[in-house]
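A short worksheet on the structure shown next.
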Amino acid sequence: MGILSASIAKKVAMALSGLFLVFFLAQHFTINLSSVIDPETFNNWSHFMGTNGLVQFVLQPVLILGVIFHFVMGIVLEIQNRNARAISYKSYKGSKNSTWASRNMIISGLVILAFLGLHFYDFWVPEIVYKYVDVKEAVEDRYFIELVHKFESPVRTGLYCLAFVLLMFHLWHGFASSFQSVGFNNKYSKALQGFTKLYAILIPAGFIFIALYHHFNQLPH
Amino acid sequence: MKLTLKIWRQANATAKGSMKTYPIEDIEGDMSFLEMLDVLNEDLINKGEEPVVFDHDCREGICGSCSLQINGEPHGPDRLVTTCQLHMRMFNDGDTIVIEPFRAKAFPVIKDLMVDRSSFDRIQQAGGYVSVNTSGNTIDANATPVQKENADDAFYAATCIGCGACVAACKNASAMLFTSAKVSQYALLPQGQVEAATRVLNMVEQMDKEGFGNCTNTGACEIECPKGISLENIARMNREYLKASLQG
């Protein structure tokens, strides 16, 4: 793995890709929130994101690579870490010295990965087919209707909410932890930790709110 | 008090071990955990059985020899103490105590509860020292001024006794807290600057070679460390490592 062979290099790479995804999440959340406040704004922003060359052909591939890197590295690290203790303890009280979220990043991470599969199937794949396979005409106000339509199903809404709860756990440990990984631990760390914990709760809770809002506020048929 | 001990027994490094149950009586609260094991071993010897092998030396909490995973925690349920300073008053009459060796691929079991922690020695040998010219012009350490905060932090890092509780507690069996304490101890002092870059690179390389896991910042090591070595040391080592890597 060359440059990423050392444990600290992997740790820093994991932290930086995580921070990048945290930043993306805030941007995604902002656009989604507009669907609750003003559908027209949501349509405008979605149309911009869906047709802008920089977003489509530079930022989108970078984001996809970032996601792939983060989960592949996460799985590689998990395998290495499991191998580092060949014989497990008969009695191991992890809850006495660490949080559930910190010990189970692989579980929350795999649930988020499964959710990404569903999310891509729901939104990304149809969007790519619409634009680049069927090459249909750009319709600027289609996004809001498509979004609300997806949240008709209680099963899909439930799965989305479940994934957001696991995202909460993942961010609760991961966001704060990434600063420690890049070597940031000083007198400002406590305040920064407070911010990361707040972010970890508010953003997923906001996503849950948006999903439930559209589920219960369906358009008249 | 009467207790039931469930102890990992393993004849040698290659043998397959298993948990064995031993009832024990007349244990007093003022006894240390190791004294309780001494009582058990006396019983076993009197019965003609093989005594339980465990590491110990100073029994004052400073040598780092004693280990033991007690009821799922390294050095047992008390905080900031080693196994030798863990008192039996932390347990209740009728309790069952599960005693296992520190588990890590880099800490192979030698016999019963004794593990080989020489991987820590090799990490230390890779750079945990300051080269000093002793050919007659040695500089008195006190002649080099050190900022108070740095001197204090270096001292706290140096209190690491290398017992391996951090590795035992970590779900990944990572040795980052130990290695970072040894790196920090010198990184904070002017005397440690000359070899700062090679020290951190070599020690981390050796740590990885030994087969320890990767740090995922769970913080279990800091909580279970009998000397309270802080996670700040890990962040410092990460900084030192990045700095050294970027310098080439």
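The values are calculated or read from the model by the stated rules, or taken from the named source; none is laboratory data. Remember, it's a predicted structure, so these values are computed and weren't measured experimentally. Note that we place each Cβ from the backbone using ideal geometry, even for glycine, and neighbour counts take in every protein chain shown. The protein model used for the area step is the full one, side chains on, heavy atoms only, and it has no ligands, DNA or RNA in it. Shrake-Rupley method; radii C 1.70, N 1.55, O 1.52, S 1.80 Å.
If you go through region A:190-199 one residue at a time, do you hit one that is surrounded by 13 or more Cβ atoms within 10 Å (Cβ to Cβ) and at pLDDT below 95? Give the steps one after another, and end with the answer.
Filtering region A:190-199 down to residues surrounded by 13 or more Cβ atoms within 10 Å (Cβ to Cβ) leaves A:192-193, A:196-197, A:199.
With the extra rule that they be at pLDDT below 95, the set shrinks to none.
No - not one qualifying residue is present in region A:190-199.
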Query raised in the report: Mind checking which residues of region A:163-197 are under 20 Å from the mean Cα position of the chain (by Cα) and β-branched (Val, Ile, Thr)?
Result: A:Val165, A:Thr196
Report summary line: Filtering region B:193-230 down to residues that are in contact with a helix residue (DSSP H, G or I) (Cβ under 6 Å, 6 or more places away or on another chain) and either modelled with pLDDT under 95 or open to solvent by 40 Å² or more (accessible area, probe 1.4 Å) (or both) yields B:Leu201, B:Asp208
Query raised in the report: How many residues does region B:14-32 hold that are open to solvent by 70 Å² or more (accessible area, probe 1.4 Å) and assigned to a loop (DSSP other than H, G, I, E, B)?
Result: 6
Query raised in the report: Residue check, B:Lys209 against (1) in contact with a Ser or Thr (Cβ under 8 Å, 6 or more places away or on another chain); (2) of a type in the set (D, E, K, R); (3) within 14 Å of chain A (Cβ to nearest Cβ), all met but one. Which one?
Result: (1)
Report summary line: Residues in region B:62-86 that are open to solvent by less than 10 Å² (accessible area, probe 1.4 Å) and facing another protein chain (nearest Cβ under 10 Å) total 5
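Restricting attention to region B:78-121, report how many residues are under 16 Å from the mean Cα position of the chain (by Cα) and not polar (S, T, N, Q). Lay out the reasoning, then the answer.
Going residue by residue through region B:78-121, those that are under 16 Å from the mean Cα position of the chain (by Cα) are B:78-86, B:100-109, B:113-121.
In the following step, the residues that additionally are not polar (S, T, N, Q) were identified as B:78-81, B:84, B:86, B:100-109, B:113-117, B:120-121.
The number of residues fulfilling the criteria is 23.
Among the listed residues A:Ile87, A:Ile75, which satisfies the condition of being free of Cβ contacts under 8 Å to residues at least 60 places away in the same chain, among the β-branched types (Val, Ile, Thr), closer than 30 Å to B:Glu100 by Cα and not in a helix (DSSP H, G or I)? Don't jump to the end; show me each part of the working.
Working: A:Ile75 fails: not in a helix (DSSP H, G or I).
Every option except A:Ile87 fails the conditions.
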Query - Verdict on B:Asn12 being farther than 26 Å from A:Gly94 by Cα, of a type in the set (S, T, N, Q) and not assigned by TED's automatic domain parsing to the domain that holds B:Cys221 - result: yes
Query raised in the report: Is there any pair with a first residue in region A:97-110 that is free of Cβ contacts under 8 Å to residues at least 24 places away in the same chain and a second that is among the basic types (Lys, Arg) and open to solvent by 20 Å² or more (accessible area, probe 1.4 Å) whose Cβ atoms are under 9 Å apart and which are 6 or more apart or on different chains, and what are they?
Result: A:Ser98/B:Lys171; A:Arg103/B:Lys171
Query raised in the report: So which pairs qualify, if the first residue must be in region A:120-138 and in a helix (DSSP H, G or I), the second must be surrounded by 12 or more Cβ atoms within 10 Å (Cβ to Cβ), the Cβ gap must be under 6 Å, and the two must be at least 6 apart or on different chains?
Result: A:Asp122/A:Lys150
Query raised in the report: Of the conditions (1) assigned to a helix (DSSP H, G or I); (2) in contact with a helix residue (DSSP H, G or I) (Cβ under 7 Å, 6 or more places away or on another chain); (3) of a type in the set (D, E, K, R), A:Glu146 fails just one. Which one is it?
Result: (2)
Requested in this report: Output yes when any residue across region B:144-152 is touching a Gly at 6+ places or on another chain (Cβ under 8 Å), assigned to a loop (DSSP other than H, G, I, E, B) and open to solvent by less than 60 Å² (accessible area, probe 1.4 Å), and no when none is.
Outcome: no
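Criterion first (part of a loop (DSSP other than H, G, I, E, B) and open to solvent by 20 Å² or more (accessible area, probe 1.4 Å)) does B:Asp43 satisfy it?
Numbers: part of a loop (DSSP other than H, G, I, E, B): no; open to solvent by 20 Å² or more (accessible area, probe 1.4 Å): yes.
Answer is no for this residue.
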Requested in this report: Being more than 14 Å from chain A (Cβ to nearest Cβ), touching a residue at least 60 places away in the same chain (Cβ under 8 Å), open to solvent by 30 Å² or more (accessible area, probe 1.4 Å) and not in a loop (DSSP other than H, G, I, E, B) is the filter here, so list the residues in region B:87-109 that pass it.
Outcome: B:Arg89
Report summary line: Per the filter on region A:93-119, residues at the interface with another protein chain (Cβ under 9 Å from one of its Cβ atoms), in contact with a helix residue (DSSP H, G or I) (Cβ under 9 Å, 6 or more places away or on another chain) and not in a helix (DSSP H, G or I) are A:Asn97, A:Ser98, A:Thr99
Query raised in the report: Which members of region A:1-44 meet the condition of being open to solvent by less than 30 Å² (accessible area, probe 1.4 Å), in a helix (DSSP H, G or I) and free of Cβ contacts under 8 Å to residues at least 60 places away in the same chain?
Result: A:Ser7, A:Ile8, A:Ala9, A:Ser17, A:Ile31, A:Ser34
